[in-house]
Amino acid sequence: MEMDLSFKHGSFNKHSSNDSPTLSVTFNESPSTLHSQDESGLDKDIDNVEEDVPVEDQIQIDKVAEDIDEFTNVLSTTDDKSNPPQVPDSVETFSKIIESRISKYHSSANKFGKMNEEDAIFIDAVKRISKLADAFGEFPSTASTSSSLNRTSSVLQRAMTFLEEEFRALLEEPSSSSLVISPPTSARKHGSGTKILLKNVSSFSSHSNHSPHPKNEESTEADQEKFDFPGYSPETVMRMKEIATTMISAGYESECCQVYSIVRRSAFSDEMKKKLDFEKINMEDVHRMPWETLEKEISRWVKVVKACAQNLFPGERKLCTEVFSDHPLISRSLYSNLARAIVINLLDFAEAVSMTKRSAEKLFKFLDVHETLRDLALPDESDSCDNNQHELNAEITNVSQRIGEAAVNIFTDLETSIDNDVSRTPVPGGAVHPLTRYVMNYLKLASEYKETLEIIFTEHEKLQESSPNEENVDSAGEEPQRHSVESNNSLHHSYGTVASTTPFSFQLVKVMQLLDKNLEEKSKLYRDVSLSYVFLMNNGRYILQRVKGSTEIHQVMGDYWCRKRSTTVRQFHKNYQRETWGKVLQILSHEGLMVGNKPNKLLLKERFKQFSMVFDDIHKTQSTWVVSDEQLQSELRVSITAVVIPAYRSFIGRFRQYLESSRNLSKYIKYQPDDIEILIEDLFGGIPTSMARRR
């Protein structure tokens, strides 16, 4: 007679507090031996139950479960552990029922997790036999219960092996896992993928117009990706939770956690590799990479970290919390261990980047890394007994500080670069110097990271104050620039027009001050004093316009600084006008021309010829000079016209009549006032102009 051991719905709840479903057993009249084989190859023969269970078409086995509960309670309350009670037959029957169900799961199309009622009954039965095994374990191994302990432990082991396999299968179940990567919130126009097209500092003197203009490497499509991670259905998560709770309550916490950790860590790594195209790069490879390649890898790394911070870690944390909701300490430990493994991998790359050789074009990528590391920090659990998370955040902070120190030293290298730019060749035409363009564009880009730079310079200042006598060497093996509070105060005293007094603002002002000093030295390279003033005017105006054009730099420098700079540029303008056109006005002076009531014709002819000769020379020379700022160029021409034309009109109007009787009048009076006005428009265009232009 064959016994069909199946679970049916009933009222299996007399000794259960949660109204568990009922177990039932059906017997068919075909005697045979039950055989089961699990996936590990374990073959077992299940003894005929007909010897132990009365023959009926269908038996409600509430009594079996009731007997198990009662016997478990008896075992637990027995004071004399050396004299255990007699083991009832229901223990063996219950063990065979569980084995039968496992065999049926392996052989039937109705796999575990697809028959919710039977699954719940099976889980409930496993929990019962787990409690029974624990109760047997309280008695000495020599007691009469030892064989029953071995039997129930064997069944429990088989059930746990089965549940472990099912747990793994559920975790490995294909899911619709995906990512959500929010677009960057920064107002930075160039995005996080800044590519700086910079030349070496030595190229400042080559008059190249290269400037650190950004190139956005980040595709906008990457910022628009929208997915969901880890992608398990609520039903699957619920089954995971049921299995995890059962295994942990049965004392199989280690096996449960090991399976979960291995599968989820592998899934997490696959997500990063397949969907984010990220693989670990060792430190040696990072140091050997050309900057262009490393720059792309940093952009990829930033994207991966943002995905982890915004999607992967929150999704993983939520899954872990739900699966192990009955065991919060285990949940936190599993999550922090998984997160730690991933974060350490990401930090290794960031640390390798911080140790690469310093160069100016790396600053903005270093700042991207620093900002991204702030997103990577995990929220601390104050009530967690696991210190991994606190230690991990401390490690993130340490790497962030190393990146910050590298960025500080790169930025302060700019000061050295300005000091070392001692080219002896003046820029043709007094144009804006490449150094000026480079520095101001660099500062403009840097100021877009103002918040981050304020943080790292503040941290740097604290670090300097805490170890003022130590010889610091940065991660690239180079000695960093030192900046003390005293030097900052001195700078503020000498440059007291600025509006902001934060650590980064002091650095920015110091760079501006060094640039002014350098430009003043470069102006001395011009033999023509007038051209030196045009050079200072051009560069001063360019600096002013760049400051006004950057909200961040303007906030640091302030309106008072801008007004003072405008006054300085106007003074350069006045100096130029006096130096160039003062001698022209002197020629047009009436003094010394009159002899009695009439002018001296010889002196008059000489004055007219002298004016034409001097003006031709100015026109020929200053037409090649460069004033690229259209407003400044217009202001210069208007001011020259306002000074020269009235003086020339007055001179020619008063003295022309005395030369009209002379032969070759045009030999002396070469230009009419309107001609002069037209020719003034040629000045500062940077193009040689013919001297034959006349009205």
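Among the GluC sites (Glu not before Pro) within segment 580-674, those in coil by DSSP and having at most 14 neighbouring Cβ atoms inside 10 Å are GLU591, GLU660.
Ligands, DNA and RNA are left out, and with a 1.4 angstrom probe the accessible area of segment 541-600 is 56 Å² per residue.
May I ask you to list the trypsin sites (Lys or Arg not before Pro) in segment 254-324 that are in a DSSP loop and have at most 10 other Cβ atoms within 10 Å of their Cβ?
Qualifying residues, ordered by number: none.
Keeping all protein chains in the complex and leaving out DNA, RNA and ligands, what accessible area do you get for ARG239 with a 1.4 Å probe, in Å² to the nearest 10? Rounded to the nearest 10, the figure is 60 Å². On a per residue basis, segment 243-286 carries 48 Å² of accessible surface, using protein heavy atoms and a 1.4 Å probe. The largest accessible area among HIS460, HIS554 belongs to the first residue in HIS554, HIS460, and the rest follow in falling order (1.4 Å probe, all chains). Phi angles of segment 592-599 translate, via the Karplus equation with coefficients 6.51, -1.76, 1.60 and θ = phi - 60°, into HN-Hα couplings of x, 8, 8, 10, x, 9, 10, x Hz per residue; Gly and Pro are given as x.
Per residue, segment 349-465 exposes 34 Å² of accessible surface when a 1.4 Å probe is rolled over the protein heavy atoms with every protein chain present.
Rounded to the nearest 10 square angstrom, PHE139 shows an accessible area of 10 square angstrom against a 1.4 Å probe. Of the chymotrypsin sites (Phe, Trp or Tyr not before Pro) found in segment 297-375, not one falls in a DSSP loop while having at most 16 other beta-carbon atoms within 10 Å.
Expressed as a whole percent, the accessible area of segment 493-636 that falls on carbon and sulfur atoms is 48 (1.4 Å probe).
Sorting ARG607, ARG424, ARG563, ARG649 by accessible area puts them as ARG424, ARG563, ARG649, ARG607; the probe is 1.4 Å, largest comes first, and only protein heavy atoms count. Overall, the accessible surface of segment 236-322 at a probe of 1.4 angstrom is composed of carbon and sulfur to the extent of 48 percent. If you take every residue apart from LEU515 with its C-beta less than 10 Å away from the C-beta of LEU515, what net charge results, scoring Lys and Arg +1 and Asp and Glu -1? Result for the local shell: -2.
Summarised in one figure, the compactness ratio Rg/Rh of segment 317-443, Cα atoms and Kirkwood Rh, is 1.25.
The alpha-carbon positions of segment 409-453 define a convex hull whose volume is 62 Å³ per residue.
The values are calculated or read from the model by the stated rules, or taken from the named source; none is laboratory data. Because the structure is a prediction, the values reported are computed rather than measured. Counting neighbours? That spans all protein chains shown, and the Cβs are built from the backbone with ideal geometry, glycine included. These area figures cover heavy atoms from the full protein model, side chains too; ligands, DNA and RNA do not enter into them. Shrake-Rupley method; radii C 1.70, N 1.55, O 1.52, S 1.80 Å.
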